[in-house]
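Heads up, the thing below is written out as structure tokens.
Read the figures in this text as sums done on the coordinates, not as results from a lab. Treat the numbers as computed from the prediction; the structure is a model and nothing was measured. Cβ atoms come from the backbone with ideal geometry, glycine included; neighbour counts cover every protein chain shown.
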Amino acid sequence: MHRPPAAPTWDAAQLAVVSAPPAARLLVGAGPGTGKTAVACARVAALLARHLVPPANVLVLSFTRTAVAELRDRLAAAVGDDRRAAAVRLATLDAEAFRLNQGFGPDEASLLGGYEANVGAVAALLRSPGDEVADYLRRFRHLVVDEAQDLTGVRAALALGLVRHVRPECGVTVFADPGQAIYGFTSEDGRRNEAGADFLARLAGAGGPPFEAVSLATIHRTDSP
């Protein structure tokens, strides 16, 4: 079913994200009410429509199944074509880890060890990916990481591994609002870390083209301060 998408009016920062070229690497700071989800979906829609990126070559990862469900619904509306929107690889980070572990992981036991063991196994796999894993990651022309402020521990390591091992010309758009971190402060390796802060700081050393910071600062949800 094809539904012509509405044409929203973007502010300058939103438009910078939506219209950026496919190979751009953006770190987008987005607080509540700044249109983060709409911009993320419009970003993907623009990749498909303006830049002719095949839907199967776009990978969108978020933190929770609720966020993924919302992204899926809104992406279909933004793209205006249910079949093309459904062809975009859209999953939680845990689900993508299971997919990678199932397809390429050397240890089947980790598939039965719960989410933490599964994500940790794939994070380790990405430290030195074999040819099959590298070929899988090279298929993507754009990677979107949503809710990056909630990535800690092995999930942060997994996300960084993905950023490091997609091909250099693969664009990456990371959306984050440290003020909304679900887990606030977490304790790892005997020290307290602000959730997501380590992941966001380490993006600069992930390799490939540098990330450009963009801030969605205008609140569109309400006119009240």
Using every alpha carbon pair in the range 8-161, what percent of pairs falls into each 5 Å bin from 0 up to the bin containing the largest distance?
2, 9, 18, 21, 20, 15, 9, 5, 1, 0, 0
Each label point is 7 Å from the Cα along the Cα-to-Cβ direction; what then is the distance between the points at Ala77 and Arg65, in nm?
2.3 nm
Subtracting the Cα-Cα distance from 0.36 nm times the residue separation, let me have the gained length for Arg202 to Ala86 in nm, one decimal.
38.6 nm
Tyr115 paired with Ala23, simple spin-label distance in nm, labels 7 Å along Cα-to-beta-carbon
3.7 nm
Residue separation between Ala49 and Ala12 times 0.36 nm, minus their alpha-carbon distance, gives in nm 11.3 nm
Order of Glu212, Glu132 under a 10 Å beta carbon neighbour criterion, fewest first:
Glu132, Glu212
Cα centre as origin, Lys/Arg/Asp/Glu Cβ charges: the range 10-126 dipole, Debye:
440 debye
How big is the Kirkwood radius of the range 1-99, worked out from every pair of different alpha carbons and given in Å to one decimal?
13.9 Å
Once you have the Cα-Cα distance between Ala134 and Gln102, take 0.36 nm times their residue separation minus that, and quote the gain in nm to one decimal.
10.0 nm
Going by how many other Cβ atoms sit within 10 Å of their own, how do Leu203, Leu47, Leu26 line up, fewest first?
Leu26, Leu203, Leu47
So how do Ser128, Ser62 line up by other beta-carbon neighbours within 10 Å, fewest first?
Ser128, Ser62
